[in-house]
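One structure is given below, encoded as structure tokens.
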Amino acid sequence: MADAIHIASSCHCNIVGSFEVVNWISKHYKGKFHALNIGGQVVSGLFKVKAVSANHSSSMPDGTYGGVAMGFVINHPSKCLYYSGDTGLSYEMKLVGDVYKPGIGLFPIGGTFTMDHTDAILAAEYCGVSEVIGLHYDTFGPIEIDKTMAQSDFRIKNKKLSLINIGESVDL
Amino acid sequence: MADAIHIASSCHCNIVGSFEVVNWISKHYKGKFHALNIGGQVVSGLFKVKAVSANHSSSMPDGTYGGVAMGFVINHPSKCLYYSGDTGLSYEMKLVGDVYKPGIGLFPIGGTFTMDHTDAILAAEYCGVSEVIGLHYDTFGPIEIDKTMAQSDFRIKNKKLSLINIGESVDL
Amino acid sequence: MADAIHIASSCHCNIVGSFEVVNWISKHYKGKFHALNIGGQVVSGLFKVKAVSANHSSSMPDGTYGGVAMGFVINHPSKCLYYSGDTGLSYEMKLVGDVYKPGIGLFPIGGTFTMDHTDAILAAEYCGVSEVIGLHYDTFGPIEIDKTMAQSDFRIKNKKLSLINIGESVDL
């Protein structure tokens, strides 16, 4: 949840999350929430956000149960993004490819607690994307990576791995 | 668990559920239980009930961990029912099709916390059923649906969506 | 976790487990730990151990949430073992076959809380192994099995089911 409360209060926006996560965070922050579970969808303007399966645990800061981990497919008429969430490689990513045909993947690449970049290349193949924005790497020791090698391994498979610096923005 | 205790005490029947759910409910009700986990099977007369995977969270009324969500395949010599449980669409439904070849699906269709009817059509394709009984819709605001459109969308795909009123029964 | 602390303290070895399990056990034992989540990998000498998905609940002895259940793929230059963990049959086992091409499966075969031997034959087909070492059977009533029938059913499918006695060791 990291900066969720800070962002939501700055932007006056809703927080979308699993029933259990929303339930927990609503005790710490009096904002607007949209609770869902896997299969649920939120529509906001031209955006449709769909909750899909992720292979990861979900415990809250106090150790209580945080529901099941989720990824999100973010659909806009101009483009479809698949944010896998923290997850290991899964056949459910083939389902995302079949049903949503995403154009870009936002995938963890740091290993240890998620996919590493080798798994992320397979994830891109499973869901049919050729461009991946890397997440969940280099922020602490166990998930430090060799960025040059990761990007090179993607290129060998005719895929692109974009790595964005903190504060940087990209046009999709 | 809703009316589980009421039904079990009225019918003097066993309650079948996951280890964690049975553990919790047995503190509130002194009945007979049959605990299992995914892959487990209960045989009762001509019925075989098999626990299969579902993509959903499972927390108890007090917020504690309720194990993993489950669906159930209910096998009888005359017919095989696949009750998916509350779940999002999943490739595991293809496994149910491969292994059990169910004749009827009992699927959630309300969205937000489960599949909507569009996902349920894909679920029917994944597991190879042409008839679905719709569940988990219209009981509160976030899961209200357009029943006419849902049934029409099923028909377009050469499938049948049956919607049963509370108290109504159907012959399968 | 059973004998994990006893084994770790006898062998002075690390305990590898999910973030939530390691967190819990580290309150009861002051040893060395390696926490990971699905997709994570531990390298030790010539061994690479990769955490993969399993379909099972994970609650700690005090009922608290123990993260998601895991299997482990144990890679050594001479052989690749797939220890599925306690699990039901899953399409994720096809992923293990595609990515790791294991030579031997260590699968539960006792039913009720895991796969039974019939599911384990399908698991072997899903991940492409012809030899399985059976686990999680005969230690208490609900998971007692007919060992002769189980081994015969494997043979019919041109697969081998090895059942090892407690204290016995095998060369792989």
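Over all pairs of different C-alpha atoms in region B:101-172, the reciprocal of the mean inverse distance, the Kirkwood hydrodynamic radius, equals 12.2 Å. Considering helices alone, the calculated mean residue ellipticity of chain A at 222 nm is -7500 deg cm²/dmol, with DSSP H runs of length four and up weighted by -39500 (n - 2.57) and normalised per residue. Around B:S58, under 14 Å between beta carbons, what's the net of Lys plus Arg minus Asp minus Glu among the other residues? Surrounding charge for B:S58 is -4.
Here the Karplus relation 6.51 cos²θ - 1.76 cosθ + 1.60, evaluated at θ = phi - 60°, turns the backbone of region B:147-154 into coupling constants of 5, 4, 5, 4, 5, 5, 4, 5 Hz, with x for every Gly and Pro. Against chain C, whose longest principal axis comes from its Cα atoms, helix C:117-127 is set at around 80 degrees. Among the cysteines of the protein assembly as shown, those with no neighbouring cysteine Cβ under 4.7 Å are A:C80, A:C127, B:C80, B:C127, C:C80, C:C127. By the Kirkwood approach, averaging reciprocal distances over each pair of separate Cα atoms, chain C gets a hydrodynamic radius of 16.8 Å. Note on B:66-73: average number of Cβ atoms from other chains within 10 Å of each residue's Cβ is 3. Of interest is the spacing of the C-alpha centroids, which for region A:9-77 and region A:123-172 amounts to 24 Å. Heavy-atom accessible surface of chain A, averaged per residue, reaches 48 Å², computed with a 1.4 Å probe. Just to confirm the numbers: B:T64, label point 7 angstrom along the Cα-Cβ line, distances to the other copies in nm, shortest first? Going from nearest to farthest copy, the values are 1.3, 1.3 nm. A quarter of the convex hull surface defined by the alpha-carbon atoms of region A:1-48 gives 3.5 nm² as the mean projection. Less than 5 angstrom separates the built amide H of B:L135 from those of B:F107, B:I109, all sequence-distant by 5 or more or on a different chain. Taken residue by residue and averaged, Cβ atoms of other chains lying within 10 Å of the Cβ of A:52-61 number 6.
Taken along the Cα-to-beta-carbon direction at a fixed 7 Å, the label points for B:N165 and B:K101 span 3.7 nm. Of the solvent-accessible surface of the protein assembly as shown, computed with a 1.4 Å probe over protein heavy atoms with every protein chain present, carbon and sulfur atoms account for 54 percent. Springs between alpha-carbon atoms under 10 Å, Gaussian network over chain A: tell me which of A:L46, A:L161, A:L135 tops the mean-square fluctuations. Greatest mean-square fluctuation among the candidates belongs to A:L46. Scattering from the protein assembly as shown was approximated by placing one identical point on each alpha carbon and applying the Debye formula without solvent; log10 I(q)/I(0) at 0.07, 0.09, 0.13 1/Å stands at -0.39, -0.66, -1.48.
Across identical copies of the chain, B:M1 has label-point separations of 2.5, 2.5 nm, listed in ascending order, with the point defined 7 angstrom from Cα along Cα→Cβ.
The values are calculated or read from the model by the stated rules, or taken from the named source; none is laboratory data. The structure displayed is predicted, hence computed values, not measured ones. Because the Cβ atoms are built from the backbone with ideal geometry, glycine has one as well, and the counts that use them run over all protein chains shown. When the accessible area is computed, the model is the full protein with side chains, heavy atoms only, and any ligands, DNA or RNA have been set aside. Shrake-Rupley method; radii C 1.70, N 1.55, O 1.52, S 1.80 Å.
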